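Okay, so here's the structure we're looking at.
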Amino acid sequence: MPMNYMDNLNPEQQMAVKTTDGPLLVLSGAGTGKTRVLTARVAHILFNNLAYPWQILSLTFTNKAANEMRFRVAQYSEISHLCRDLWMGTFHSVCLRILRSNYTAAGLRSDFLIYGEDDQKAILKRVIVNLGFDTKEFNPSDWVDTISNIKDKGITDFTKMNLSANTQKILNAYNTELTRMGAIDFGDIILYVLKLFESHVEILNKYQHQFKYIMVDEFQDTNAAQMMLLKMLTKDNECPNICCVGDDDQSIYSWRGAEIRNILEFEKTYPGAKIIRLETNYRSSGNILYAANSLIKHNTGRLGKDLKPAPNVDMGEKVYIATVPSDWDEARLISDAIIRNSNNNFSDFAVLIRAGSLSRTFEEEFTGRNIPYRLVGATKFYDRAEIRDAIAYIRLLVYPFDDISFERIISKPRRGFGDSAIANLRSYGKSLMEGLKIAKLTSKQQESASDFLAAFNFDWQNTTPKDAVQQLLENSGYLKMWRESKDTDAAERLEHIRELISGVVSKYDTLPEFLEHAALMMTDDNDAEGDEKNVVSIMTIHAAKGLEFNTVFLPAWEEGIFPNDKKSDSDIEEERRLAYVAITRARVRVIITNAMVRSMFGQRLYQSSSRFIGEMNREFVFVQGDYNYSYNSQKTEYKPKAKKIESVVGKMVVHAEMGTGVVISENGDILTVAFKTKGIKNVARNFLRFV
């Protein structure tokens, strides 16, 4: 008997698994088991012989998600041998696979390179200078984002876009340089497939007929180019078997091109589509979920659903909201709560902040109180300079025409080739590597050039990838450079390189296969390392999406910070979705704080509490000022002590001459108010209007 993939699925999940005919949108709220549904759906299709594995296309947004899904499907022993034939991966890895199989029709060379952000910056810097622009005014880093946003629109003819003259010049020159070097950038991967399908209908038809079932994870995060790809693959099919799983209430990435209208207009795109809502949350307690529901209902641009706790989960603790005098009081309050209740399980706690700049007070307070923490967003493995250097060496070994890699490593270690020497090499040969072989050089440069070229002169194709990389980095002097370095982190860098060689490169049969993996990893959004350490996590809310913790602290819920200063209705709705994501990261408790005075960028700012605090139903929250709460570490809940006379501390007030402010203390009819423009003043109550 095959393993029952329907085990432990609730009725809505089972319906999503069994609904295989026609377009389907699965609205999967936070913690409702979407990965379980997608995995079971693949198993259902295979077990019932509805399609061969290569007829299933399953698209994710990270390699981590794709690997997790493939691993889960492989747990069903009867179909585990079929997993290798599934088309399962990120949008970019799948499109790259299509391009590798159709490179001639796509107008690419067979060994085309994929350039990441560092490579793009190097090309753009040269392009901008060559066009006569100032790199201070035309910052290459900014232009990486600009060009990425342009390509994410999915428009294959840039002349049809409303671009400024300078943008068109830089974009054209940049793309010309990519073509000259036999490379594409990350944004090109999908764009080239769109061009391929537009110009070669027979190739599009091939994939349309091949993919009998298409599944998309995190559909709310798709951009215009990704949506165009899906439309092309399902074009001319009156009832395509496309299943998109996502949550419109967790669409928080518009700043990197995600378009919420893709999910909101699914029924318009696919008439007759069925919608199934997964609303049973298996992560959080009732009060947390109902508080989150009451907040997100203030958004108008949503399809609508209500999270509810699993049957065996009670209401739990109410969401606790505290107003404190200052940001340092906020850090101390959170530190106290962690110390009192950690029981040495620091990984149970997370501090989720709206912006990275808010981490400083927590880093300093945690350090002073000996609370172990990690700042998520620290350098990822493939973002480390030494790893990128090593990969550049490997790329130049496999692809000698790769000028970007040449420029990165020719001076690591130093070999006497500065900007002028490299400019000289450009006048010889078609590539810098070729120029190095034939250029007229000084005797010292010639000696360095010979040593450099010798490092690449071995039969790497008939050597194992691991041994080839070890030999290359030894012969080039790169490993020796770090062994002899006086830098305090030199030993750590060597360890990272050893991990790359032994732990990563050794897994691949060929170096080109490894380089393709590395190119995708360097642009992936997988979390930073160290997830399993027993430390408190400090991270932005964006970085926390998909994670969960027992206790979540949400500081700085103040107007101008969260929501930030963006004023449009759509901006506020996305900020509210971000708040919803933050609350639903918690299993057991949520503590929201706001400070009346906060120091930011050298200024003391007088703050008012976030509108999001006021939008939550008071039935599901405890608000400091209404009650006096003490934390009970035995029962892990906040208990009301006694009803207090309502305080006006923390309330917003308006004065006829001094403007708006926040009450920070009271003494009878005299209130101390922190005014936004006039500082702290004592004012009689009858001269103030509460708002």
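The values are calculated or read from the model by the stated rules, or taken from the named source; none is laboratory data. None of these values were measured; they are calculated from a predicted model. Positions of Cβ are backbone-derived with ideal geometry, glycine not excepted, and every protein chain shown enters the neighbour counts. Heads up: the accessible areas ignore ligands, DNA and RNA and are worked out on the full protein's heavy atoms, side chains in. Shrake-Rupley method; radii C 1.70, N 1.55, O 1.52, S 1.80 Å.
Could you state the principal axis extents of the C-alpha atoms in the stretch 327-444, from the largest down, to the nearest angstrom?
Cα extents, longest axis first: 70, 26, 26 Å.
Tilt of helix 511-521 relative to the longest C-alpha principal axis of the chain, in degrees (0 to 90, nearest 10)?
Tilt relative to the chain: about 20 degrees.
Show me, for the stretch 543-552, the HN-Hα J-couplings you get by feeding each phi into the Karplus relation (A = 6.51, B = -1.76, C = 1.60, θ = phi - 60°), rounded to Hz, glycine and proline as x.
5, 7, 4, x, 9, 8, 9, 4, 10, 10
Shape verdict for the stretch 1-95, please, from the Cα gyration tensor: rounded (a/c under 1.5), prolate (a/b greater than b/c) or oblate.
rounded
Could you tell me how many cubic angstrom of Cα convex hull volume the stretch 182-259 has per residue?
On the way: hull volume 8.1 nm³, N = 78.
Hull volume normalised by residue count: 104 Å³.
With a 1.4 Å probe and all protein chains left in place, how much of the accessible area of the chain comes from carbon and sulfur atoms, in whole percent?
Working: 14800 of 31270 Å².
Reported share for carbon and sulfur atoms: 47 percent.
Could you give the angle, 0 to 90 degrees to the nearest 10, between helix 140-151's Cα long axis and the longest principal axis of the Cα atoms of the chain?
90 degrees
What whole-number value in Å² describes the accessible area per residue of the chain for a 1.4 Å probe?
Details: 31270 Å² over 691 residues.
Heavy-atom SASA per residue in the chain reads 45 Å².
For the pairs 121/380; 64/297; 533/566, note any where the Cα-Cα span goes beyond 28 Å.
Values: 121/380 19 Å; 64/297 32 Å; 533/566 36 Å.
Long pairs (Cα-Cα over 28 Å): 64/297; 533/566.
Take the alpha carbon atoms of the chain, find their radius of gyration, then divide it by 2.2 N^0.38 Å using N residues; give the quotient. Kindly include the intermediate steps, with their values, before the conclusion.
Details: Rg = 28.5 Å, N = 691, 2.2 N^0.38 = 26.4 Å.
It is 1.08.
Along the charge dipole of the stretch 296-366, which of 298, 341, 313 sits closest to the positive end, that is, farthest toward it, with unit charges on the beta carbon of Lys, Arg, Asp and Glu (+1, +1, -1, -1)?
298
In a shell of Cβ-Cβ distance under 12 Å around residue 73, excluding residue 73 itself, what net charge do Lys and Arg (+1) and Asp and Glu (-1) give? Don't skip to the end; give the middle numbers.
Working: positive: 36, 41, 70, 72, 84; negative: 68, 78, 85.
Cβ neighbours under 12 Å give a net charge of +2.
Taking a threshold of 18 Å on the Cα-Cα distance, which of the pairs 18/231; 18/274; 18/212; 274/545; 206/268 fall above it? Don't skip to the end; give the middle numbers.
Values: 18/231 23 Å; 18/274 12 Å; 18/212 15 Å; 274/545 27 Å; 206/268 26 Å.
Beyond 18 Å: 18/231; 274/545; 206/268.
Along the charge dipole of the stretch 1-152, pointing to its positive end and built from +1/-1 on Cβ of Lys, Arg, Asp and Glu, which listed residue (20, 60, 50) has its Cα farthest out?
Towards the positive end, the residue furthest out is 50.
Taking the Cα centre of each part, how many Å lie between the stretch 352-398 and the stretch 79-114?
The stretch 352-398 and the stretch 79-114 have Cα centres separated by 31 Å.
Under the 0.36 nm per residue contour assumption, what length would be gained going from the current alpha-carbon distance of residue 300 and residue 282 to full extension? Don't jump to the answer; show the numbers that get you there.
On the way: separation 18, 0.36 × 18 = 6.48 nm, distance 2.61 nm.
Difference between extended and current length: 3.9 nm.
Can you work out the FRET efficiency for the pair residue 364 and residue 533, with r the C-beta to C-beta distance and R0 = 25 Å, to the nearest 0.05?
Computed FRET efficiency for residue 364 and residue 533 comes out at 0.80.
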